[in-house]
Amino acid sequence: MNKDLEQNTIVTNYEFSSGILVLESSKGGSIKVKLNGFDLSKLTPDGYEIYLSDSGSECKHKEGRIEVSSKELKNPSFLLTLLHEVGHSAKDEKVDLDRDKEISRELKELSRKNSEKDVLRYIGVLEEYTRLVEKRERQAWLSSIKSLKTVLLESGHDVRKNFANFEEFFSKIIRHYKSYLLGMKYVFEKSGKGTDKQWHDFEAYVDQIFNPHIPILEDEARVFWETELPK
Ligand SMILES: [Zn+2]
């Protein structure tokens with residue numbers, strides 16, 4: 001790693017598995033992430049900027065910005081999670097985000113009420129939230145797997161080299177995707193609401209929303225995995 005100070009721009013080079021990752025940052029401003037010269041910011045929608053953050057250990061996205069954790073930079077999976085967050089920046093996600101805020105408010109309000117009717121509403125809202133989260137995570141993963149192919153062809157950086165085989169690569173994606181499935185069950189469990197039957201029905205519902213999409217993700221991942229580099 002070396003640092004150059006040049007006209008207010010800090011350039012940091014990282015050796016990154018099969019390539020050199022270059023971060024160009026201006027003081028307090030956004031950064032450009034270049035992999036073997038290919039500017040990854042080209043994959044973000046207009047108006048989105050990438051920032052470097054010292055807090056947290058994962059990449060995050062907030063309205064209009066993607067935050068890259070400096071701790072994650074050396075992780076071979078960094079590119080995977082960065083592109084996942086880029087996938088979240090897609091415009092059609094914004095509509096859902098408004099509903100998302102309403103849902104959080106409704107859940108908070110309903111969490112204080114325990115009549116039978118309110119518990120049913122709580123479960124209904126949580127089910128809607130499950131559908132929303134599943135769709136969002138699936139789309140972000142599909143988009144990030146497609147971007148991996150673009151990055152491979154444009155930069156020559158081959159993320160596949162970080163994994164022993166397809167199964168290892170795909171299980172990494174599924175672990176992230178399924179963490180939301182478990183998250184939904186956790187939210188319900190923590191609320192202490194519902195009968196045993198309602199809990200088991202909800203558990204089955206969450207599985208039914210997430211599991212059918214795993215083959216869709218697997219197909220997309222396999223298309224990427226089998227990409228041949230031009231000779
Ligand atoms: Zn996500």
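Just so it is clear, none of the values below were taken in a lab; they were calculated from the coordinates. Predicted model, so just to flag it, every value in this text is computed and none were measured. A quick note on method: Cβ atoms are made from the backbone with ideal geometry, for glycine too, and the neighbour counts reach across all protein chains shown.
A straight line joining the Cα centroids of region 64-92 and region 146-175 runs 14 Å.
Each Lys and Arg contributes +1 and each Asp and Glu -1, all at the Cβ; summed about the Cα centre of region 93-225, the dipole is approximately 300 debye. Given the C-alpha atoms of region 124-209, compute the convex hull and give its volume per residue in Å³. Measuring per residue, one finds 101 Å³ for the Cα hull of region 124-209. Annotation: the residues HIS200, HIS176, sorted from fewest to most other C-beta atoms within 10 Å of their own C-beta, follow the order HIS200, HIS176. Here the dipole of the chain is about 340 debye; that uses its Cα centre as origin and unit charges on the Cβ of Lys and Arg (positive) and Asp and Glu (negative). Pairs spanning more than 28 Å between alpha-carbon atoms, out of LYS62/LYS146; LYS135/LYS197; LYS71/LYS108; LYS117/LYS178; LYS32/LYS74; LYS113/LYS172: LYS71/LYS108; LYS117/LYS178; LYS113/LYS172. A simple spin-label model places pseudo-atoms 7 Å from Cα toward Cβ; at LYS135 and PHE166 they are separated by 3.0 nm.
Quick check: pseudo-label points 7 Å beyond the Cα along Cα→Cβ at LYS60 and THR227, how many nm apart are they? In this crude label model, LYS60 to THR227 measures out at 2.9 nm. Normalised Debye scattering of the chain at q = 0.08, 0.11, 0.16 Å⁻¹ gives log10 I(q)/I(0) of -0.36, -0.65, -1.14, counting only Cα atoms as equal scatterers and leaving out solvent.
Packing here is the average count of other Cβ atoms within 10 Å per residue, and on that basis the peptides 217-224, 186-193, highest first, run 217-224, 186-193. Between GLU102 and ASN75, residue separation times 0.36 nm minus the direct Cα-Cα distance comes to 6.2 nm.
For a label point 7 angstrom out from the Cα of HIS213 toward its Cβ, which stretches of region 95-119 have the backbone nitrogen within less than 17 Å? Counting backbone N atoms under 17 Å from the label point, the list is 95-101. Of the peptides 124-135, 74-85, 104-115, 164-175, the ranking by mean beta-carbon count within 10 Å, highest at the top, reads 74-85, 124-135, 164-175, 104-115.
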